[in-house]
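Working notes, beginning with the structure itself.
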Amino acid sequence: MFPVHRPRRLRSSETIRRMVRETLLTPDDFIYPLFVTFGKGVKRPISSMPGCFQESVDEVVKTAKETFELGIPAVILFGIPEHKDDVGSGAYDPHGVVQEAIKAIKDAVPELLVITDVCMCEYTSHGHCGIVKDGEVLNDPTLELLQKEAVSHAKAGADMVAPSDMMDGRVRAIRQALDEEGFSNVPIMSYAAKYASAFYGPFRDAAESTPQFGDRRAYQMDPPNRREALKEVALDIEEGADIVMVKPALAYLDVISDVKENFDLPVAAYNVSGEYSLVKAAAQLGWIDHDRVMMEVLTSIKRAGADMILTYFAPEAAKILNG
Ligand code: PBG
C-alpha cells in the first residue's frame, strides 16, 4: 500500500529494468516465411509487404543463407507455381518450386531447419485450400492431396511440415502417410487454431492465393470463438501434432495464452502479413517508430505464451537483437 509500495523503484534505470525483465526475445524465437516462385534470378518485391519478395530457387537460397547467419534457426516455405489447376497438382510435383527450393536450401545451408507450409490454396486455380465440388470445399478427398504434398516435401528433404488448410483429420492423415513412407521422424507443426482472418490480405497477394469465389469461413475458425480453439488444439494433439500454432497472433493473444496454459506442447504463433503491413504502412507515413513497434509486437506475442514466432520481421528484429 502507498507509500510502502513504489513499483517505480524497479524501473529507475536500464540496468535494473534489465534485471527484472520477464520476457526476452532472441533470434532463436523466429521462423522466417519465404515465397518461392519459378524462373531464375527472380526477386520480385511484394508491394503490400515492403521488404518481402517472391524469389526463384537460386535467390531464395541466398536469403536462406543470410537468415541462418543472423541466428534465425528456421524458414517456412510457400510456393507460387507456374501453373495452377483444379486439384493443385503443383503442390505434390516432385519438381515443384517448393520441392526444388527444399533441396537447394538443404544443400547450401544444411543446418537451417526447413519447414514447409502444406496447403492447396497456392496451387489450385480456384484458390481454395482443397478440392471443390458444387461450390463446396470437400474435406475427406482433400486429405489425400495433403498426404501427397507432405510426403513429397519430406522426400525433397523438408525437416518439418506445417499443414495450414484446416481440413478435419488432416494431422492424422499426414502423420500416417509420413510414417508409411519412412518419415516417422519428420515432425508436424499444425496450424491448429487458424482463424478466417482479414489479416491475411497481403499474403494472398504475395502467394497469389485469393479464393476466386466465396471465402474460407466454412473451414477456418470464426474469429469470435475462444473455447473452440482449445478443442481444435486438443484434436490436433490427439492426431499427432508435435507443435501447435495459433494464427493470426496479435488479435488473438488471448488464444495464445489459453493454448499455452492448457497444453504442454510447444506453441507457435503466426504474426501474419496484415499485422506486418500495418506496421510498415504506419511507419512509412511517419506515424509510429517502426523498430520500437516491431519489437513491442514480437515481445507481446512471446509474453502471451508463444515459444516460436513466424514473422516477416525476423531478419530486421534479429539484426536489432544481435546489436
Ligand atoms: C495458406 C496460408 C495462408 C497463410 C499461411 N498459410 C493464407 C490463408 O489461409 O488464406 C497466411 C499467412 C499470412 O497472412 O501471413 N492457407
## Note on the structure
Of the conditions (1) farther than 20 Å from Met49 by Cβ; (2) outside any loop (DSSP other than H, G, I, E, B), the single one that Gln212 does not satisfy is (2)
### Query
Mind checking which pairs have a first residue in the range 101-122 that is under 22 Å from Lys40 (Cα atoms) and a second that is among the polar types (S, T, N, Q) and modelled with pLDDT under 95, Cβ under 7 Å, 6 or more apart or different chains?
Glu122/Ser209
### Test: residue in the range 2-18 that is surrounded by 12 or more Cβ atoms within 10 Å (Cβ to Cβ) and in contact with a Ser or Thr (Cβ under 9 Å, 6 or more places away or on another chain)
no
### In the range 175-203, the residues that are in contact (Cβ under 8 Å) with a residue 60 or more places away in the chain, assigned to a helix (DSSP H, G or I) and either more than 11 Å from the ligand (Cβ to nearest atom) or closer than 25 Å to Ala156 by Cβ (or both)
Arg175, Phe203
### Task
Would you check which residues across the range 117-153 are touching a Leu at 6+ places or on another chain (Cβ under 7 Å), more than 11 Å from the ligand (Cβ to nearest atom) and either not aliphatic (A, V, I, L, M) or not in a strand (DSSP E or B) (or both) and list them?
Ala150, Val151
### Only listed residue being of a type outside the set (Asp, Glu) and in contact with a His (Cβ under 6 Å, 6 or more places away or on another chain), chosen from Ala241, Ala304, Ala251, Ala283
Ala283
### Query
Which of the residues belonging to the range 154-174 are in contact with a helix residue (DSSP H, G or I) (Cβ under 7 Å, 6 or more places away or on another chain), more than 16 Å from the ligand (Cβ to nearest atom) and not aliphatic (A, V, I, L, M)?
Gly157, Gly169, Arg172
### Matching entry among Met294, Met245 (being within 27 Å of Ala177 (Cβ to Cβ) and either hydrophobic (A, V, I, L, M, F, W, C) or without any contact (Cβ under 8 Å) to a residue 60 or more places away in the chain (or both))
Met245
### Message
Suppose we filter Leu298, Leu310 for residues that are surrounded by 15 or more Cβ atoms within 10 Å (Cβ to Cβ), under 23 Å from Ser197 (Cα atoms), within 13 Å of the ligand (Cβ to nearest atom) and modelled with pLDDT of 95 or more; which single one remains?
### Response
Leu310
### Message
Restricting to the range 93-123, count the residues that are crowded, with 23+ Cβ neighbours inside 10 Å and within 21 Å of Val171 (Cβ to Cβ).
### Response
12
### the range 198-212: number of residues that are under 13 Å from Thr37 (Cβ atoms) and touching a Phe, Trp or Tyr at 6+ places or on another chain (Cβ under 9 Å)
3
### Query
Does Gly135 meet the test of being of a type in the set (Gly, Ala, Ser), surrounded by fewer than 22 Cβ atoms within 10 Å (Cβ to Cβ), closer than 22 Å to Ile105 by Cα and out of contact with any Asp or Glu (no Cβ under 6 Å at 6 or more places or on another chain)?
no
### Message
under 17 Å from Leu34 (Cα atoms), touching a residue at least 40 places away in the same chain (Cβ under 8 Å) and touching a strand residue (DSSP E or B) at 6+ places or on another chain (Cβ under 7 Å): is that true of Leu70 in this structure?
### Response
no
### Message
Which condition from (1) at pLDDT 95 or above; (2) of a type in the set (A, V, I, L, M); (3) over 18 Å from the mean Cα position of the chain (by Cα) is the one that Leu77 breaks?
### Response
(3)
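The values are calculated or read from the model by the stated rules, or taken from the named source; none is laboratory data. In this text the structure is predicted, and so the values were computed from the model without any measurement. FYI the Cβ positions are ideal-geometry reconstructions off the backbone, even for glycines, and counts take in every protein chain you see.
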